[in-house]
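**Q** Dropping a structure here in structure tokens format, bear with me for questions.
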Amino acid sequence: MLWVNLLRYPTRPFDSLKIIGMTHKVLILPGDGIGPEIMRAAESVIAVLIDRFGLELELERGLTGGAAIDDCGTPLPDSTLSMARSADAILLGAVGGPKWERIERALRPERGLLRLRSELHLFCNLRPATLFEPLAAASTLRPEIVSGLDIMIIRELTGGIYFGEPRGIEIGPNGERIGRNTLVYAEHEISRIARLGFEIAGKRAGRLCSVDKANVLEATELWRDIVTEMGSEFPAIELSHMYVDNAAMQLVRAPKQFDVIVTTNLFGDILSDLASMLTGSIGMLPSASLDIDGKGMFEPVHGSAPDIAGQNIANPLATILSVAMMLRYSLNEPEQADRLDNAVAAVLDQGYRTSDIMSDGMKQVGTSEMAAEIVAALND
Ligand code: NAD
């Protein structure tokens, strides 16, 4: 079968595998740690959509993160960047791990990822936190708190403290080390993400909560002012503002009060990880990072999980759900996306669980077995 071939990974960049047709061009970046395992799972599912349901796409694979450092000394080789530029969408596993933690900061795996987001102008990060009902018991919160949960967290992705200059660690005047990062937001960076927040809220329940720390941080005081000004253009949207510390508390206390949250790079990073536990596990959360035209990079919210890498126990569903987001948001294939989302729901309904979402009476499976169940549900 075609998809058996897809399970082979190139050891060098430039390898590419044309599957069928020329319609969609997708760059696969497995990355490090559990990245190759979860990507293998995702590819087996994509292969069914191609073989059985006529999805036309061409897959290319590239190196990024630690795998690229090992191969060519940089976390984002030029070859990967150029493949990313010419692709219609990018599917990423995860990057990083202890092996690369102590190398020069500018060459670390995460820097490659940040550069990729920045070079492709992927300023809008969508992180849905949706509870699949059969997983209500896997949440650390009581089922009645999380049942029906459906939040969209919109994180600004190419600005804020992750990119602001000056940054670095230096020796101060008295010889002690000083670490410095800069939180900076220009008006256009705030207004383009805020506008998307209003528009997305308009397609959902019509409630937008902007999260900041305007009482302490001037950059987010500007954030609040700009979001408030824009509110007059969207009278149908119920706009609220919340400080990030309160938002963290409210997400745990009564998460269903939220429809759409729009927030800065740092706050969105933290709040979306927190929201992941409401849905059962970080292994369930997909994400999309989009440019102004909707081209995007799709990846699970979690990292490379070096503690469980190579054990075939990682949950592949966040990656598989990221494929569904890719089909929906960048490739304009909503029916294929629905098909995949429904297959995930069906498999959870049948009681299959990886260890991170396991509960009494369910059937525990590994990464590849979970992927095989999704394949079976698609073929049903
Ligand atoms: P992590 O998300 O990798 O792991 C946190 C915890 O969640 C671990 O216990 C891990 O086993 C578990 N976990 C994560 N994904 C899982 C899955 N699919 N199934 C089951 N359990 C899962 O975060 P971390 O430990 O803080 O970071 C590990 C490495 O990943 C670091 O090098 C970090 O820089 C990197 N990282 C990369 C990304 C990215 O590539 N986008 C994001 C976050 C962290």
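The values are calculated or read from the model by the stated rules, or taken from the named source; none is laboratory data. From a predicted model like this one, the values you see are computed outputs, not experimental measurements. Cβ atoms come from the backbone with ideal geometry, glycine included; neighbour counts cover every protein chain shown. Side chains are part of the model used for accessible areas, which takes the heavy atoms of the whole protein and leaves out ligands, DNA and RNA. Shrake-Rupley method; radii C 1.70, N 1.55, O 1.52, S 1.80 Å.
**Q** Report, by residue number, each residue of segment 30-44 that is touching a residue at least 60 places away in the same chain (Cβ under 8 Å), farther than 13 Å from Ile90 by Cβ and either more than 10 Å from the ligand (Cβ to nearest atom) or among the aliphatic types (A, V, I, L, M) (or both).
**A** Within segment 30-44, Ile34, Ile38, Arg40, Ala41, Ser44 meet the criteria.
**Q** Strands (runs of 3 or more DSSP E) wholly in segment 66-177 with at least 1 residues that are assigned by TED's automatic domain parsing to the domain that holds Ala205 and surrounded by fewer than 19 Cβ atoms within 10 Å (Cβ to Cβ) - which ones? First the steps, then the outcome.
**A** On the way: elements: 89-94, 124-130, 150-156, 168-171.
Fully inside segment 66-177 and qualifying: 150-156, 168-171.
**Q** Every residue in segment 316-332 that is within 21 Å of Gly93 (Cα to Cα) and not in a helix (DSSP H, G or I), please.
**A** Hits for segment 316-332 are Pro316, Ser330, Leu331.
**Q** Give me a count of the residues in segment 295-309 that are closer than 21 Å to Ala89 by Cα and in contact with an Asp or Glu (Cβ under 8 Å, 6 or more places away or on another chain).
**A** Looking only at that region, the number is 3.
**Q** Now for a different question. For segment 304-327, indicate whether the set of residues that are within 23 Å of Glu101 (Cα to Cα) and away from the ligand (no atom under 11 Å from the Cβ) is non-empty.
**A** The answer is yes, given that some residue of segment 304-327 is within 23 Å of Glu101 (Cα to Cα) and away from the ligand (no atom under 11 Å from the Cβ).
**Q** Residues being within 21 Å of Gly296 (Cα to Cα) and open to solvent by 10 Å² or more (accessible area, probe 1.4 Å): count how many of those fall in segment 51-65.
**A** Counting residues in segment 51-65 that are within 21 Å of Gly296 (Cα to Cα) and open to solvent by 10 Å² or more (accessible area, probe 1.4 Å) gives 5.
**Q** Something else: Is it the case that some residue within segment 257-271 is over 25 Å from Arg117 (Cα atoms), touching a residue at least 40 places away in the same chain (Cβ under 8 Å) and surrounded by fewer than 23 Cβ atoms within 10 Å (Cβ to Cβ)?
**A** Yes.
**Q** What's the total number of residues in segment 274-294 that are in contact with a helix residue (DSSP H, G or I) (Cβ under 9 Å, 6 or more places away or on another chain), outside any strand (DSSP E or B) and either within 8 Å of the ligand (Cβ to nearest atom) or closer than 16 Å to Asp88 by Cβ (or both)?
**A** Adding up the residues that qualify gives 5.
**Q** Now for a separate question. Is it the case that segment 192-202 has a residue that's touching a residue at least 40 places away in the same chain (Cβ under 8 Å), surrounded by 15 or more Cβ atoms within 10 Å (Cβ to Cβ) and either at positive phi or in a loop (DSSP other than H, G, I, E, B) (or both)?
**A** no
**Q** Hey, Asp293 hits all of (1) surrounded by 17 or more Cβ atoms within 10 Å (Cβ to Cβ); (2) outside the structural domain of His188 (by TED's automatic domain parsing) but one; which does it fall short on?
**A** Just one mismatch for Asp293, condition (1).
**Q** State the number of residues belonging to segment 345-366 that are within 14 Å of the ligand (Cβ to nearest atom), in contact (Cβ under 8 Å) with a residue 60 or more places away in the chain, assigned to a helix (DSSP H, G or I) and surrounded by fewer than 22 Cβ atoms within 10 Å (Cβ to Cβ).
**A** 1
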